[in-house]
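The values are calculated or read from the model by the stated rules, or taken from the named source; none is laboratory data. In this text, all values refer to a predicted model and were calculated from it rather than measured experimentally. Reconstructed Cβ throughout: ideal geometry from the backbone, glycine too, with neighbour counts over all protein chains shown. Areas reflect the complete protein model, heavy atoms only, side chains present, ligands, DNA and RNA absent. Shrake-Rupley method; radii C 1.70, N 1.55, O 1.52, S 1.80 Å.
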Amino acid sequence: MELSSFSEEESREKTTDEIRSVAAAAKDSLLPSKSKHLYEETYNAYRKWCCNKKIKSTCEDSILAYFNSDLSRYKSSSLWSKYSMLRSTINLLNFQVSFLFSKGKVKDINRKKSLILTREHIDEFLIKADTKEHLFNKVILIFGVAGACRRQELVTLSTTCVQDCETHFLVKLEDTKTKAERSFIITPEDTVPFDLPGLRTIDFFVNYIKEKCTVQPVGIHKIGSVPSLVAKFLHLENFSSYTGHCFRRSSATLLANAGANMEVIKRHGGWRSSTVAEGYIEDCENTKINIAQKILGETAPAELSPCSSISTEYLEKSNSNVLKGNNEVGGMNICGNSNCVININHYYNN
C-alpha cells in the first residue's frame, strides 16, 4: 500500500509539473513578443511601488493610487499605454486568462472570405445551364447578386415583396439583418423565362419538383449552396469556397468595378460602416490593372481621351504651315473636350 500510494503521489506531481509547464508556455505566448519586456518593466515598477507602500494585494484602489501618485507626471497617452500593459499583466498573473487567451487566438485566425463570381461567370451560367434543370439556381443567382442578398433574406422573401412593373421587377427586402428595408430592381435582360403554375403559398421560393411547385419553402442551406453549384458547373477551382456570402461579395465587387462610390455601395448592401462595406469588395485583377495604368501614366487613345486638346488634323496643318513659313493657319478643329480652358497666343511679325 505504501509503494502504491507513493507511486500515485509521484504521478500526480509529475502531472502537475507538466500542467504548470504547459500553462507557463501559454502565458508567455499571451503577451506580445516584441514588447514583452515593456510589459514586464511596467509590472515590476508597480510591484516595487507596492512593496514601498507595504501593499500586499492588488485592488482597484491600489492601482488608482499608483497612477495618481507615482505616474502623475506622465501624459494621458502614456498613462493609457501603461494602464493597458499593467492590466494585461495583472490579469495574466491572477489567472484571469480566458478572455486574453481567446483574444490572442483570434488574431492568429486567417479569416477566409467567400470567393466571388464575375460578370462573365454569371452570364456563362445563365446561358449554358439548362433552364429545366437549373431553374432554381438561376433565379436565386439573379436575385442574390442583383440585391446583394443574404441567405435569410431570400428565405423570408414573399410573393408580395416582388412587384411586376412591366419594364422591370421591383423587389423589396423587409426582413433584413439590420432591420432596415432595402429594395432593388431586376431588369428584363436579367430574367429567366419560366412559368410556375399552381402557387399555393406566399413564400416566393418553394421547392419545384416534377415541374410543379410544392407548398414547402426552400431552406437556408439549399439557397446557400447555389454559388457552389454554379462554380462547380463552370469548373471553377475550389468550388466549395463559393459560400452563401458569395451573393453579397459578388454584388459589391461588381458595383465597385462599375465605378460606384462608397455611399452607393453602402446603400445598396445596407451597410452602415464603410470599413465593413470595403471588406465585401474583392480586389480583383481588373481593378489592379486599372490602378496600374493610372500609376504608370498610360493614356487613353486620342479619340477616347476626355481631355484631348487639338485634333491631329489641326496639328498636322500647323506643322506644315510652320515648315512652309506661313503665319496663317487654316481651320482649327477642337473636339472631345469638356469644361476645358484653351489659351491661344497669336504673335505678329513687325
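In the range 117-145, the residues that are open to solvent by 50 Å² or more (accessible area, probe 1.4 Å) reach residues that are in a loop (DSSP other than H, G, I, E, B) with C-beta atoms within less than 7 angstrom, at least six apart or across chains, in these pairs: E124/L234. Pairs please, first residue from the range 65-76 and within 14 Å of A45 (Cα to Cα), second anywhere and among the charged types (D, E, K, R) and open to solvent by less than 80 Å² (accessible area, probe 1.4 Å), Cβ atoms under 7 Å, 6+ apart in sequence or on different chains. These pairs meet every condition: L71/K82.
Scanning the range 159-191 for residues that are touching a Phe, Trp or Tyr at 6+ places or on another chain (Cβ under 6 Å) and surrounded by 15 or more Cβ atoms within 10 Å (Cβ to Cβ) returns V171, I186. Of the helices (runs of 4 or more DSSP H) lying entirely inside the range 1-77, those containing at least 2 residues that are among the aliphatic types (A, V, I, L, M), open to solvent by less than 90 Å² (accessible area, probe 1.4 Å) and at pLDDT 80 or above span 36-52, 60-69.
Is one or more of the residues making up the range 271-291 under 16 Å from V145 (Cβ atoms), touching a residue at least 12 places away in the same chain (Cβ under 8 Å) and of a type in the set (D, E)? Checking the range 271-291: at least one residue is under 16 Å from V145 (Cβ atoms), touching a residue at least 12 places away in the same chain (Cβ under 8 Å) and of a type in the set (D, E). Annotation note: Cβ proximity below 9 Å between a residue of the range 208-228 that is farther than 23 Å from L115 by Cβ and a residue that is outside any loop (DSSP other than H, G, I, E, B) and basic (K, R) (sequence gap 6+ or interchain) occurs for E211/K132. The residue of the range 253-311 that is modelled with the lowest pLDDT, among those that are among the acidic types (D, E) and farther than 27 Å from K177 by Cα, is E303. Just wondering, is there one or more residues in the range 244-252 that are modelled with pLDDT of 75 or more, open to solvent by 70 Å² or more (accessible area, probe 1.4 Å) and among the charged types (D, E, K, R)? Within the range 244-252, none of the residues are modelled with pLDDT of 75 or more, open to solvent by 70 Å² or more (accessible area, probe 1.4 Å) and among the charged types (D, E, K, R). Scanning the range 234-249 for residues that are touching a residue at least 60 places away in the same chain (Cβ under 8 Å) and over 15 Å from V139 (Cβ atoms) yields L234, L236, N238, S241, Y242, T243, G244, H245, C246, R248, R249. Here is a check on your reading of the model: is L154 modelled with pLDDT of 80 or more, surrounded by 15 or more Cβ atoms within 10 Å (Cβ to Cβ), among the aliphatic types (A, V, I, L, M) and over 33 Å from the mean Cα position of the chain (by Cα)? So L154 fails the test. For the range 248-270, a tally of residues being in a helix (DSSP H, G or I) and within 16 Å of C149 (Cα to Cα) returns 14.
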